[in-house]
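Input: a single structure, listed below in structure tokens.
The values are calculated or read from the model by the stated rules, or taken from the named source; none is laboratory data. Small disclaimer: the values here were computed from a predicted structure and weren't measured. Quick reminder, even Gly has a Cβ in these numbers, built from the backbone with ideal geometry, and neighbours come from all protein chains shown. Just so you know, the surface numbers come from the protein's heavy atoms only, side chains and all, with ligands and any DNA or RNA stripped out. Shrake-Rupley method; radii C 1.70, N 1.55, O 1.52, S 1.80 Å.
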Amino acid sequence: IYPVRADGTLAPASDVVVLERLSGPDPIAQQSAHAHSVNFDPSNSFVIVCDKGADRIYTYRVDPGSFTLTDEKFFETVPGISPRHSAFHPTRPYVFVINERASTVSSLEYDASTREVNHIQSIATIPSDFTTRNTTADIRVHPNGRFVYGSNRDHDSIAIYSVDEATGELMTIDIVSTLGQTPRGFNFDPSGRYIFVANQGSNSIVTFEVNPDSGMLTPTGAEAEALKPACIKFLTV
């Protein structure tokens with residue numbers, strides 16, 4: 001954790017948590033713990049960490065006074081799936097995790113009071129007839145909470161799912177080309193009207209318009225050159 005000073009600069013790290021040095025079934029990609037992402041829950045009181053090396057999902061309480069991570073808990077996933085990134089539903093008790101090696105998205109029930117995580121469902125990110133190698137990358141929930149999106153780096157696509165807000169289950173709507181190669185990261189603009197896709201392999205950022213009622217993506221024709229873009233964040237002031 002790096003506390004942010006009043007002038008916007010970062011203070012030295014106030015805490016460092018080291019994950020348990022466990023390995024997964026893949027002797028190359030899962031030799032040890034690999035904390036690939038960390039996200040705050042909607043209350044900003046806890047963080048969730050995806051460890052794609054040991055197939056674990058950790059949660060920590062964030063102490064706002066001491067700026068430390070405490071009260072570690074973890075959830076063990078199916079061995080070998082490599083949970084990579086997570087995204088919380090804005091209003092319902094669900095968190096969605098994209099699994100790098102399995103090419104799936106998992107829907108999980110998240111109890112904010114206990115930080116217990118329970119598996120609801122896992123669903124494919126690629127078509128059933130795509131049999132070549134694929135690894136997933138990023139995952140996002142639309143601000144309206146009705147749709148989940150996940151990117152495929154070898155299929156070069158974004159999978160779109162609708163969310164049953166009563167159960168947390170997902171249903172595939174479409175899988176669309178990102179009009180580039182290796183979509184490692186993507187993100188909504190603050191309005192939720194557009195998605196910007198970072199095609200790392202083709203050095204491009206492609207813009208899609210989002211239909212808030214159907215979840216479908218339509219290319220706007222806008223494309224920007226960028227050297228190996230990997231992650232997109234928006235600053236709102």
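For the range 78-188, with all protein chains present and a 1.4 Å probe, just round the carbon and sulfur fraction of the accessible area to a whole percent.
Carbon and sulfur atoms account for 48 percent of the accessible area of the range 78-188.
For the chain, what is the accessible area per residue in Å² when the probe is 1.4 Å?
49
What share of all Cα pairs of the chain, in percent, falls into each consecutive 5 Å distance bin?
Distribution as computed: 1, 7, 13, 17, 19, 18, 13, 8, 3, 0, 0 percent.
Taking N as the number of residues in the range 42-87, what value does Rg over Cα atoms divided by 2.2 N^0.38 Å take?
1.25
Work out from phi, with θ = phi - 60° and the Karplus expression 6.51 cos²θ - 1.76 cosθ + 1.60, the ³J(HN,Hα) of each residue of the range 191-205, listed in order in whole Hz, and give x for Gly and Pro.
7, x, 7, 10, 10, 10, 10, 8, 7, 4, x, 10, 6, 9, 10
What's the longest bit of the chain with no exposed trypsin sites (Lys or Arg not before Pro), using DSSP loop states and at most 13 other Cβ atoms within 10 Å as the test?
On the way: sites that count: Arg5, Arg21, Arg133, Arg193, Lys233.
Longest run free of exposed loop sites: 22-132.
With charges only on Cβ, +1 for K and R and -1 for D and E, what is the dipole size of the range 157-221 about its Cα centre, in debye, rounded to 20?
360
Hey, which lysines would be in cross-link range of Lys73, C-alpha to C-alpha under 30 Å, not counting anything within fewer than 8 residues on its own chain?
Lys52, Lys233
Taking the range 1-116 on its own, what percent of its Cα-Cα pair distances exceed 19 Å?
The answer is 48 percent, as a whole percent.
Taking the Cα centre of the range 84-142 as origin, work out the dipole magnitude from +1 charges on Lys and Arg Cβ and -1 charges on Asp and Glu Cβ, in debye rounded to 20.
Around 140 debye, computed over the range 84-142.
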